[in-house]
Amino acid sequence: MAELNINDIVIHNRDGVCRITGTTEMNVPDQRLPEKYYVLVPEYAKNTKLYVPVKTASQKIRPLLSEAEIKDLISRIPELDFSWIENEKQRQQSYLQIIAEGNYTELLKIIGALYRNRREKEHKGRKFHSSDERLLHDAQKVIFQEFAFVLHIKPNEVNAYIEDAIKADS
């Protein structure tokens, strides 16, 4: 990844859409010389600052998707396999790994699987597991922030945007 600049907008793998507000040097334990860090401010949590080492930044941050890339991802949702993992422990491990990796196709698959399972449970009068609710929230946060920022809508409007786009393509 090329050196990033102040005011560049990036995706942080855990905290979503962030603006690079500067760089700083900090001393790291067990190292003689200070290390250079990017200073990031999440766009949806402006009172937070993140420090990402420049030398390992490509593992934690990346450029935003383009509007065309987002629309292409959305157009492929109807073709995705929303397989459900019955074993709760395996599901948690698998979904947490996908969320950490940030592969959007896989994230859309787990969001779809979680939505479908939640609807099925509600239909049967049963509760959706709180651990699955957290997974859904975390997966949506990763995708919805970026989609909202690029598409110039609010994060809570992304789900409706996706549904409308899928209906329009049908």
### Summary
For segment 37-137, Rg(Cα) over 2.2 N^0.38 Å is 1.31
### Task
Across the chain, how many lysine pairs, 8 or more positions apart or on different chains, have C-alpha atoms separated by under 21 Å? Please give the number.
21
## Note on the structure
Taking only protein heavy atoms and a 1.4 Å probe, the highest-to-lowest accessible-area order of 131, 83 is 83, 131
### Query
Using only Cα atoms, what Kirkwood radius does the chain have, in angstroms?
17.6
### Query
Fully extended, how many nm does the chain gain between residue 166 and residue 133 (0.36 nm per residue separation, minus their Cα-Cα distance)?
9.5 nm
### Query
What percent do you get for the relative contact order of the chain when only Cα pairs under 8 Å and 6+ apart count?
20
#### Entry: Check: the chain dipole with +1 on Lys, Arg Cβ and -1 on Asp, Glu Cβ, in debye
540
### Task
Mark the label point 7 Å from the Cα of residue 25 along Cα→Cβ and return the residues of segment 40-65 whose backbone N is within less than 20 Å of it.
40, 51-57
### Message
If I compute solvent accessible area with a 1.4 Å probe over the protein chains, what percent of it on the chain is carbon and sulfur?
### Response
48
## Note on the structure
Here the alpha-carbon Rg of segment 1-61 over 2.2 N^0.38 Å rounds to 1.09
### Task
Provide the per residue accessible area, probe 1.4 Å, for the chain, rounded to a whole number of square angstrom.
61
### Query
In whole Å, what is the distance between the alpha-carbon centres of segment 1-28 and segment 44-94?
17
### Message
Modelling each spin label as a point 7 Å along the Cα-to-Cβ direction, I'd like the residue 13/residue 33 distance in nm, to one decimal.
### Response
2.5
### Query
With point charges of +1 on the Cβ of Lys and Arg and -1 on the Cβ of Asp and Glu, referenced to the Cα centre of segment 18-167, which listed residue (83, 114, 161) lies farthest in the positive direction of the dipole?
114
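The values are calculated or read from the model by the stated rules, or taken from the named source; none is laboratory data. Because the structure is a prediction, the values reported are computed rather than measured. Here Cβ is always computed from backbone atoms with ideal geometry, including for glycine, and neighbour counts include all displayed protein chains. We work out accessible area using only protein heavy atoms, side chains counted, and drop any ligands, DNA or RNA first. Shrake-Rupley method; radii C 1.70, N 1.55, O 1.52, S 1.80 Å.
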